[in-house]
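The values are calculated or read from the model by the stated rules, or taken from the named source; none is laboratory data. Everything numeric in this text was worked out from a predicted model, so none of it was measured. Here the Cβ positions follow ideal geometry from the backbone for every residue, glycine too, while neighbour counts run over all protein chains shown. For accessibility, only protein heavy atoms count, side chains too; no ligands or nucleic acids. Shrake-Rupley method; radii C 1.70, N 1.55, O 1.52, S 1.80 Å.
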Amino acid sequence: MGPSLRWVTWRSAPGTTRLTLETPVRAVFSTDFSSVKYRGYVFAPELALERSGLGLPRSRARIGLGPVFASGGLMDYWYRVEERYSRPGRPAYDAASGYLGLRLQFSYRVPLTERISVSAGGRLENFSGASNAGSPLFRSELNATLVGGLSFALYRSPAQTGSAAEPFD
């Protein structure tokens with residue numbers, strides 16, 4: 001969770017396509033369902049191209065690319081090996097903050113009704129050159145994720161803006 005600044009750098013005249021620069025800073029937590037622990041933060045600026053009405057009316061397609069950076073605490077959580085857990089083939093390692101990798105993500109959302117939408121998307125990540133590539137816990141330079149979902153709006157404000165003029169806002 002955390003703030004994100006979004007700057008629309010370009011917008012097509014009819015308002016169906018836009019290019020944005022987003023700069024989210026996200027706090028990361030973990031839980032074992034008995035307690036919650038703060039682990040650090042991630043900064044992942046991204047340049048994204050978004051288009052509405054692609055393929056289906058009222059749909060929204062998005063593709064974004066950008067680097068990912070993480071704090072020392074979060075990198076320790078993922079990549080640190082304490083001396084007491086070291087063994088042959090897994091030496092002690094102290095992780096460092098910095099560059100985590102490059103992320104390409106894409107999504108496609110289609111509203112089915114005023115309250116229900118279906119979404120699909122994915123993420124490709126390249127960890128080449130990551131600041132902790134030397135960790136014995138670092139396994140792969142590439143990662144791929146596919147997602148799908150159904151969302152339902154539990155509440156809609158009776159006071160809504162006229163969004164027909166601008167499909168993104």
## Note on the structure
Low-density loop GluC sites (Glu not before Pro), segment 30-84, at most 13 other Cβ within 10 Å, DSSP non-H/G/I/E/B, are 82
### Message
Please report the net charge: other residues with Cβ closer than 11 Å to the Cβ of residue 49, K and R +1, D and E -1.
### Response
+1
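I'd like to know how segment 4-152 sits against the 2.2 N^0.38 Å rule of thumb: what's its Cα Rg over that expected value? Could the numbers behind the result be given before it?
Numbers: Rg = 18.9 Å, N = 149, 2.2 N^0.38 = 14.7 Å.
Taking N as the residue count of segment 4-152, the ratio is 1.29.
Please give the length that would be gained between residue 115 and residue 139 if that part of the chain were fully extended, namely 0.36 nm times their separation in residues minus their C-alpha to C-alpha distance (nm, one decimal).
Values: separation 24, 0.36 × 24 = 8.64 nm, distance 4.12 nm.
Extra length from residue 115 to residue 139 when fully extended: 4.5 nm.
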#### Entry: the chain - percent of accessible surface contributed by carbon and sulfur, probe 1.4 Å
61
### Task
Work out which chymotrypsin sites (Phe, Trp or Tyr not before Pro) in the chain are exposed loop sites (DSSP not H, G, I, E or B, at most 16 other Cβ within 10 Å) and give the longest gap free of them.
34-137
### Query
Between exposed trypsin sites (Lys or Arg not before Pro) in the chain, where DSSP calls loop and at most 13 other Cβ atoms lie within 10 Å, what's the longest gap?
1-57
### Query
Picking from 155, 2, 33, whose Cα lies most toward the positive end of the charge dipole for the chain (charges on Cβ: Lys, Arg +1; Asp, Glu -1)?
155
### Summary
With every protein chain kept in place and a 1.4 Å probe, the chain has an accessible area per residue in Å² of 65
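At 0.36 nm per residue, minus the direct Cα-Cα distance, what do residue 8 and residue 65 gain on full extension? Give it in nm, one decimal, please. Before the final figure, lay out each step's value.
Working: separation 57, 0.36 × 57 = 20.52 nm, distance 1.51 nm.
Computed gain between residue 8 and residue 65 is 19.0 nm.
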